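Report on one structure; see the data block that follows.
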Amino acid sequence: MRAWAWLALLVCGLCGGQRARADERDLYLLETPATYTDVADAADGRDPFDLNVRVLFRRLQDRADVRRERPSSTGRTELERVGAYRMVRHELQLGLDIGLFRDLELSVDLPLVLSDDRRLGLVDGALPAGLVQASPLVSPTRSGIDMLLLSVGWAPLNQYRDPHSPTWVFRLSSRIAVGEVRHPCVAGQSDCGVSDGTHALTFETRMSHRFRYAEPYGGAGFTAQFRGRAAGAFAPGGDLPGYRHVNPPLIGEFVAGMALIPWEHRGKWQRLTLDVRLNAQWVAQGRDYSPLFDALGTSMDPTLANPSCEGAPADALDCTGDPGGLRLVPFTGLTDVQAHGRLGGRVALELQAARFVRFGFGGAFFYTTPHQITGTDRCNGDAAPRDASDPRIAGCARGIVDPHYRVVLDTPGQRFSLGGQLRIDLFASMRAQF
């Protein structure tokens, strides 16, 4: 009778498949790392080719207080809350991962903006100077194709080939603006564009190593952004010598996280993963879109609605905009944005339901530190005048006037800032693996 009992237990164990257990001395794992360091490959023994088809839906929501400097009775500049900014954006992202060779992949992503709604509510219904007649302050709903993302990932080290090594990935990504470039709009208008029009190049390094039921990982990245198809908005009038900032900001990023695997069925290629991640970004000063882009770009305030002269000629008729003379510089809604940081976290639950299907859902929270969103210096000390009579000096002790400068936005005591921006990102994804 005892022999039959042992035989029954053995049969049940074999029928139950292979599961990862905490008391296993030698742990055999699924041969795929955490999603963060996973790379499709090809020409790999019995796996000649990998193809992943991805669909991601996400909802982004931003909230921030808009503040403005004002003089106080003590002579010091104080910040006054003048508005509340809110953005809600829905995206559907389609993606492909194509294995090119062993631990080498090409990724293609196409984000589709289903809706992008922005609102600027003013405190007590008052319109601060510079926003006069910038009505309404509800932007039209934008939608369409935003950008094309191309990425190449390579893993020179793979823990599942050499158990003593970590999984180490290098990734080079490019962001190419393909949609209609955004321009300032008022409610009721259409064809306002959805893309920033900027291109970007990102280099990342990522590393992970699995220890039984936990796979810690980390990474760092650097992004350089370029004006791209929005060059006319970043540098109206051309590349004038007085411009200090004509490109979007540079971005540095650090990531640290851990994938926890509480359950795994090797025989059926099933896995449940809890992915917890921390993220920190540093954004350098640069010319950029801000929450006031539509409000300022559609303002009828004379200092914003009318082009400004590149300098201060003795005769206003000398500012004709002709080549060789002083240029007329329109205001496009973009502003100089102060350097700032972003801190956040992300939690996701991933289910490998079968060998060819993976699901995921989760959310992320980001906080952007307070920073100025207008504040161009009147003079660019790094730009040299032609001679002492150069009208672009215009009273500058050193250098020449920056054509981006607008009195109503950039003068100390009138500059706008964000009091801290909160972003909530909710997402759900599905991936088919072939």
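The values are calculated or read from the model by the stated rules, or taken from the named source; none is laboratory data. Since we're looking at a predicted model, the values are computed, not measured. We place every Cβ from the backbone using ideal geometry, glycine too, and count neighbours over all the protein chains shown.
Just the residues that are farther than 17 Å from Ala40 by Cα and surrounded by fewer than 20 Cβ atoms within 10 Å (Cβ to Cβ), please, taken from the stretch 167-184.
Of everything in the stretch 167-184, those that are farther than 17 Å from Ala40 by Cα and surrounded by fewer than 20 Cβ atoms within 10 Å (Cβ to Cβ) turn out to be Ser174, Ile176, Val178, Glu180, Val181, His183.
Scanning the stretch 281-303 for residues being in a strand (DSSP E or B) and either free of Cβ contacts under 8 Å to residues at least 12 places away in the same chain or closer than 20 Å to Gly419 by Cβ (or both) gives a total of 4.
Search the stretch 376-391 for residues that are touching a residue at least 12 places away in the same chain (Cβ under 8 Å) and pair each with any residue that is in a loop (DSSP other than H, G, I, E, B) and of a type in the set (Phe, Trp, Tyr) when their beta-carbon atoms are under 6 Å apart and the residues are at least 6 apart or on different chains. Listed pairs, sorted by first residue: Thr376/Tyr405; Arg378/Tyr405.
Which residue out of Ala394, Ala354 is farther than 21 Å from Gly311 by Cβ, of a type in the set (A, V, I, L, M) and either crowded, with 19+ Cβ neighbours inside 10 Å or modelled with pLDDT under 95 (or both)? Steps first, answer last, please.
Details: Ala394 fails: farther than 21 Å from Gly311 by Cβ.
Answer to the check: Ala354.
The residue that is surrounded by the most Cβ atoms within 10 Å (Cβ to Cβ), counting only those in the stretch 80-94 that are at pLDDT 95 or above and of a type in the set (A, V, I, L, M), is Met87. For the stretch 193-242, the set of residues classified as in a loop (DSSP other than H, G, I, E, B), in contact with a helix residue (DSSP H, G or I) (Cβ under 9 Å, 6 or more places away or on another chain) and crowded, with 21+ Cβ neighbours inside 10 Å consists of Asp196, Gly197, Thr198, listed by residue number. For the stretch 69-116, how many residues are of a type in the set (Ser, Thr, Tyr) and in a strand (DSSP E or B)? Residues that pass the stated criteria total 4.
Scanning the stretch 371-380 for residues that are out of contact with any Lys or Arg (no Cβ under 8 Å at 6 or more places or on another chain) and in a loop (DSSP other than H, G, I, E, B), we see that the one that is nearest to Leu409 (Cα to Cα) is Ile373. Does at least one position in the stretch 227-238 carry a residue that is touching a residue at least 60 places away in the same chain (Cβ under 8 Å) and either within 29 Å of Phe170 (Cβ to Cβ) or of a type in the set (Lys, Arg) (or both)? For the stretch 227-238, residues touching a residue at least 60 places away in the same chain (Cβ under 8 Å) and either within 29 Å of Phe170 (Cβ to Cβ) or of a type in the set (Lys, Arg) (or both): absent. Screening Phe203 on (1) at positive phi; (2) at pLDDT 95 or above shows it passes everything except condition (1). What do you reckon, is Gly419 farther than 23 Å from Pro111 by Cα, assigned to a strand (DSSP E or B) and touching a residue at least 12 places away in the same chain (Cβ under 8 Å)? Taking the combined requirement at face value, the residue satisfies it.
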